1. Counting only other chains, what is the mean number of Cβ atoms within 10 angstrom of the Cβ of each residue in peptide A:218-230?
2. Once both axes come from the Cα atoms, what is the angle between helix A:286-305 and the longest principal axis of chain A, in degrees from 0 to 90, rounded to 10?
3. Leaving out ligands and nucleic acids, note down the accessible area per residue over the stretch A:172-278 with a 1.4 angstrom probe, in whole Å².
4. Out of A:Ile96, A:Ser45, B:Met137, whose Cα points farthest toward the positive end of the dipole of the protein assembly as shown (charges: +1 Lys, Arg; -1 Asp, Glu; placed on Cβ)?
5. Dipole of the stretch B:96-155, Cα-centred, from +1 at each Lys and Arg C-beta and -1 at each Asp and Glu C-beta, to the nearest 20 debye?
6. Once you have a ≥ b ≥ c as the square roots of the Cα gyration tensor eigenvalues for chain B, tell me rounded if a/c is under 1.5, and otherwise prolate or oblate according to whether a/b is larger than b/c.
7. Is the protein assembly as shown best put as rounded, prolate or oblate by its Cα gyration tensor, with a ≥ b ≥ c the root eigenvalues, rounded for a/c under 1.5, and otherwise prolate when a/b is larger than b/c, oblate when not?
8. Looking at the protein assembly as shown, how many pairs of lysines come closer than 25 Å at the Cα, when each pair is eight or more places apart or spans two chains?
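The values are calculated or read from the model by the stated rules, or taken from the named source; none is laboratory data. Bear in mind that the values here come from a model prediction, so they are computed numbers and not experimental data. For neighbour counting, all protein chains shown are included, and Cβ atoms are generated from backbone atoms with ideal geometry for every residue, glycine included. Only protein heavy atoms, including side chains, enter the accessible area calculation; ligands, DNA and RNA are left aside. Shrake-Rupley method; radii C 1.70, N 1.55, O 1.52, S 1.80 Å.
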Amino acid sequence: MSSVVTTEQPGGRPKTAGRSFVASSGMLSTLGPLAALILACVFFSLKSDRFFTGSNFSLIFQQTMVVGVEAIGQTLIILTAGIDLSNGAIMALSGILMSRLAVNNGVNPFLAILLGFLLAAAFGLLNGVLVTSIRLPPFIVTLGTLNIAFALTHIYSQEQTVTNVPGALTWLGNTFDVGQTAITYGTVLMLVLYAFTWYMLSQTKTGRHIYAIGNNPEAVRLAGIKTDRLLLIVYTAAGLFYGIAALLLVARTSVGDPNAGQTDNLDSITAVVLGGTSLFGGRGLIIGTLIGALIVGVFRNGLQLIGVSSIYQVLITGILVILAVAVDQVVRRRSR
Amino acid sequence: MATNGVTPVLEARGLVKRYGQVTALDGADFELLPGEVLAVIGDNGAGKSTLIKALSGAIQPDAGELLMEGQPVRFANPLDARRHGIETVYQDLAVAPALDIAENLYLGREILRPGILGSVFRMLDRKRMVAEAADHMQNLKIGIQSMRQPVETLSGGQRQGVAVARSAAFATRVIIMDEPTAALGVKESHMVLDLIREVRDRGLPVILISHNMPQVFEVADRVHIQRLGRRVAVVNPREFSASDAVAIMTGAMAGEKVSDAA
Ligand SMILES: Nc1ncnc2c1ncn2[C@@H]1O[C@H](COP(=O)(O)OP(=O)(O)OP(=O)(O)O)[C@@H](O)[C@H]1O
Ligand SMILES: [Mg+2]
């Protein structure tokens, strides 16, 4: 029974607690996107003197906030190794529901907003149920619900844009001044939602389990965590974010538009990927998604300012996405 | 019986498990004594993994009973077994590679901050988890610098160390390890074998499944030999050679003849 323990470990007590969490691999993945964002800003500042102004940045944030909030839900789902193609369609349906209820049916606008949120959350839950109970791939499930939500939007709206929406639905489009710059409440709400999600993902059990499930779902199950329940929470929360995005869109445009959000699924995936989150799940930071959404916003805005036609903006976005995914692949392969 | 009147920590009687036409367990018995390393060996398909899954709650046997310290128990799922103090190191380790060591150690058992930060804001107590993770690793003499290191940056042996440390930290009765050295090189295998002894010397009995005879005979106190879904012998590795054990395993030597020897 004599056991001579000869582990290679002369170093004594391991040093640990001092190491900052920020210094670990996660934060590195956002340095690239941040550098890209800053470079883009420098580039456009040199090209156009209208770019680097408070009011233009306020505009970029306004142009970013709808996709930015959808991208939060998208990030949560991608972290679990899923993907959501239905978010723009859910947002459009939710936006049409709240604006039509309030305008055409005279429903109390706050109740209309609440019902819009609930519908979006219910669609998210539906995605989650299909993914967990029938075990269909998220890509297929959300392709299906994309079409369902899209069709419902057009049937329910009768292709009519809803105008004259009441103030409660447009309040988030109002502004307050910081120095010379007018900032919308919607922008603030977006930043608050990002802060909230950062906290949830990095500081709570649920957040860490979301990463773990994207890493190794079997490990999470064996650790005694209810994985299906966790996925349902993620998909439902994502739906709720799409509902909030719907309110932001109505506030920004002052109408309920049945044709809204048709490219938002790809735009939000672009923001997530540009932000350094892995499409394979389990890796990435929510702050990266905000940077990714801003990169897209800055490119759109800047190219427009220097007079590049919008089709080139699409072209450049496409190239950026492929670059970002390629980097992710290479990094992942190296870590194997 | 081979147990000499000592009450086994964990015992199984007549376990049966069928998968359609296949009988994975065909009335298997099993005993784990206090403070021992019990190796479970057997040919491919002999039912080792199935036996271990029944002991760790990952599957439910069709017939037979489980006893812990003489008391009948039933495990509906792995969590149930864990609540009884049984921890399992799975062959594929079941770690989340992008999470750090402390997070992996506490996966599913996270510690929240004291007070309102924990109860209302659900905030994790990272400092405490990191400090305690460092203690656990230190106790097992696993030398790793930072508990904040993602597990994917570790070598195979160090990852195994994390998985073992997790089990050792939370197991109060039994640790089960399924082929813990199968994917490791010589040096790293030795590190894991040392870990197994370390755990055993701290008083926890270990069940070790392995195909590696030299390792089994190096570390085990007793060897459970499984064949065709049942236990055919338990041998003392100091009295039997590895080739005898292989002969029993493959049916070339009758197991019944020797099963009392241990
Ligand atoms: N989930 C399952 N479905 C169907 N058959 C199974 C299942 N699990 C095990 N079996 C069968 O039960 C028998 C015993 O399998 P088990 O995995 O327990 O063997 P083992 O001793 O662990 O083998 P190995 O050394 O190859 O790991 C085998 O014939 C196997 O094919
Ligand atoms: Mg096996």
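1. Neighbouring Cβ atoms belonging to other protein chains average 5 per residue here.
2. Taking the Cα atoms of chain A, the angle to A:286-305 is about 40 degrees.
3. I get 37 Å² per residue for this part.
4. Looking along the dipole axis, the top candidate is A:Ser45.
5. Charge dipole of the stretch B:96-155: 180 debye, to the nearest 20.
6. In terms of gyration-tensor shape, prolate.
7. Here the protein assembly as shown falls in the prolate category.
8. 12
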